[in-house]
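Engineer: Please see the structure below; I have some questions.
The values are calculated or read from the model by the stated rules, or taken from the named source; none is laboratory data. Fair warning: this is a prediction, and the values are worked out from it, not measured in the lab. A quick note on method: Cβ atoms are made from the backbone with ideal geometry, for glycine too, and the neighbour counts reach across all protein chains shown. Ligands, DNA and RNA are excluded from the accessible area calculation, which covers all protein heavy atoms including side chains. Shrake-Rupley method; radii C 1.70, N 1.55, O 1.52, S 1.80 Å.
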Number of protein chains: 2
Amino acid sequence: MKGNIMADATVYFEDIAVGDSIAFGPLTVSREETIAFAAEFDAQPFHLSDEAAAATHFGTLSASGWHTTALFMKMFVTEMQRDPGRQAASLGAMGVDELRWLRPVRPGDTLRGTSEVIAKKASQSRPEMGIVHSKVTILNQDDDAVLTMIPIALWRTRPV
Amino acid sequence: MKGNIMADATVYFEDIAVGDSIAFGPLTVSREETIAFAAEFDAQPFHLSDEAAAATHFGTLSASGWHTTALFMKMFVTEMQRDPGRQAASLGAMGVDELRWLRPVRPGDTLRGTSEVIAKKASQSRPEMGIVHSKVTILNQDDDAVLTMIPIALWRTRPV
């Protein structure tokens, strides 16, 4: 991020460059939160008990994939909010391409990852924002990738 | 779904046809759960208060996009578990393509949707499972689409 910190600490769309990378995490996933999230949002047997998971390719209890994406967001927002100028310019996301849950996330796993800008373009319809594509990779404590995806974020452009 | 219910109530990969469609919902999103999910997983100001949202294109408080995907899963699993033969054959998902958050989801919105099978193929590496692509569309109470995506699910093949 190459923000013009002398004039304005906000990191606008114009300050973001392809290749910029942010590391996030670590975060350790507990058995209690794994089961609580699944019970609320994804109550399939293999996300609720080791016994049911043993009857599937999961083998033992694994987190809902939507829990993993929520934990990504928790790690990423925590990191982003270390820099108030970045939070000030974030306008959420329009979507995600190529989300892949590559390996199960299990209770006790410690996750961390990186988000690297791979493309950016101005919005055709809304000149006050730009569109940033990033490649996200989440690893576990064994350095195995558990998730990859390409979020498509919206970012404020510098006021004219 | 064209399960051979006389021999085996399980809906295997072979029983799933392109064009099969499932409706899910309705589910109404409360302000309390919207803020609680954001506070836990996506604590950006525009997901936490109307005041902060007013400074962005969101206008008023909106749910985290990851909350919307979790609520999709809640509605979908609820519907799937009405048919134990479908739950028995579900092996989770390997990913999602083309996830798009089309409109904000706001407290008080009532969501519902459909999931339609658009493609299926055998797994090359694991003959005990097949791969099913579905197009998911989530609407709000005004019939506006708030989310579309293409989950890629894994499904048990019929035992030989």
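Engineer: Can you tell me which residue is farthest from the chain's Cα centre (by Cα) among those in region B:63-105 that are basic (Lys, Arg) and more than 29 Å from A:ALA52 (Cα to Cα)?
Structural biologist: B:ARG103
Engineer: Next question. Identify all residues within region B:44-78 that are buried (at least 16 other Cβ atoms within 10 Å of the Cβ) and charged (D, E, K, R); write none if there are none.
Structural biologist: B:LYS74
Engineer: Test of understanding: among A:VAL132, A:VAL146, which residue is within 14 Å of A:TYR12 (Cβ to Cβ) and assigned to a strand (DSSP E or B)?
Structural biologist: None of the others qualify; the one that does is A:VAL132.
Engineer: Is there a residue in region A:130-146 that is more than 12 Å from chain B (Cβ to nearest Cβ) and more than 24 Å from A:GLY65 (Cβ to Cβ)?
Structural biologist: yes
Engineer: Same structure, new question: Residue by residue through region B:142-157, note down the ones that are without any contact (Cβ under 8 Å) to a residue 60 or more places away in the chain and open to solvent by 30 Å² or more (accessible area, probe 1.4 Å).
Structural biologist: Of everything in region B:142-157, those that are without any contact (Cβ under 8 Å) to a residue 60 or more places away in the chain and open to solvent by 30 Å² or more (accessible area, probe 1.4 Å) turn out to be B:ASP142, B:ASP143, B:ASP144.
Engineer: So which of A:VAL96, A:VAL105 ends up being open to solvent by less than 40 Å² (accessible area, probe 1.4 Å) and more than 21 Å from B:LEU102 (Cβ to Cβ)?
Structural biologist: Every option except A:VAL105 fails the conditions.
Engineer: Within region B:1-110, considering only helices (runs of 4 or more DSSP H) that don't extend past its boundaries, which have at least 1 residues that are more than 8 Å from chain A (Cβ to nearest Cβ) and either free of Cβ contacts under 8 Å to residues at least 12 places away in the same chain or under 20 Å from B:LEU139 (Cβ atoms) (or both)?
Structural biologist: Once the helices (runs of 4 or more DSSP H) in region B:1-110 are filtered for at least 1 residues that are more than 8 Å from chain A (Cβ to nearest Cβ) and either free of Cβ contacts under 8 Å to residues at least 12 places away in the same chain or under 20 Å from B:LEU139 (Cβ atoms) (or both), what remains is B:31-41, B:50-53, B:65-80.
Engineer: Collect the residues in region A:113-127 that are of a type in the set (Ser, Thr, Tyr) and touching a residue at least 60 places away in the same chain (Cβ under 8 Å), keeping them in residue-number order.
Structural biologist: A:THR114, A:SER115
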